[in-house]
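The values are calculated or read from the model by the stated rules, or taken from the named source; none is laboratory data. Just so you know, these numbers come straight off a predicted model, no measurement behind them. All Cβ positions, even for glycine, are placed from backbone atoms using ideal geometry, and neighbour counts span all protein chains on display.
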Amino acid sequence: MQTVSATTLYERLGSHDGIARITRELIKNHLSNPLVKTRYENIKDLERVEQRVVEFFCAGAGGPESYSGQDMLATHRGMNVSEQEFITVIDDAMDALEKCGVEPSTRTEVLAILWSLKSDVIRV
Ligand code: HEM
């Protein structure tokens, strides 16, 4: 029989502290990934962007935080992000989730959410 999880995605990601830890791992991954590292090395205020990414994930996963950044289209407009970079960033996210002990079914849920944003990020 299929069981339905009663906990929200936010809770399954470890709430604010869990998501902050996942985001830290995510950025570490980006900075050591030759396919995208220069994109992140060139960010002027990486700490501010990291905070925004934490807020974005928290709010998107159903947490009480509000997101104070720009929407995905406005954020990535003009960057000419490629399909390969998009997949790489998602791979880095999946790896960060695994390192932080997030279970496979929850990782798949996050994968679907990130994938759904592709038309707001790739070559916009
Ligand atoms: C689904 C995938 C993605 C999500 C959810 C996402 C999310 C975000 C968020 C929330 C911000 C902060 C916005 C702000 O400060 O207002 C951001 C900034 C940024 N993203 Fe993405 N992003 C994605 C994919 C990518 C890809 C593929 C690249 C390129 C490799 C990229 C490069 C950047 C850069 C360079 C910034 C910093 C912009 C600045 O200097 O302020 N992102 N992203």
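Scanning the stretch 77-99 for residues that are surrounded by fewer than 18 Cβ atoms within 10 Å (Cβ to Cβ) and away from the ligand (no atom under 13 Å from the Cβ) returns 95, 98, 99.
Residues in the stretch 20-42 include at least one that is within 20 Å of residue 118 (Cα to Cα), touching a His at 6+ places or on another chain (Cβ under 6 Å) and touching a residue at least 24 places away in the same chain (Cβ under 8 Å). Candidates in the stretch 52-75 are the residues that are of a type in the set (Gly, Ala, Ser) and either touching a Pro at 6+ places or on another chain (Cβ under 9 Å) or not in a loop (DSSP other than H, G, I, E, B) (or both); of these, the one that is farthest from the ligand (Cβ to nearest atom) is 59.
Against the criterion of being under 17 Å from residue 114 (Cβ atoms), of a type in the set (Asp, Glu) and surrounded by 15 or more Cβ atoms within 10 Å (Cβ to Cβ), residue 55 qualifies. For the stretch 90-124, a tally of residues being in contact with a His (Cβ under 7 Å, 6 or more places away or on another chain) and aliphatic (A, V, I, L, M) returns 2. No other residue among 51, 70 is of a type outside the set (Ser, Thr, Tyr), modelled with pLDDT of 95 or more and closer than 23 Å to residue 123 by Cβ apart from 70. Restricted to the stretch 106-124, and to residues that are part of a helix (DSSP H, G or I) and touching a residue at least 40 places away in the same chain (Cβ under 8 Å), which residue is farthest from the ligand (Cβ to nearest atom)? My answer is 106.
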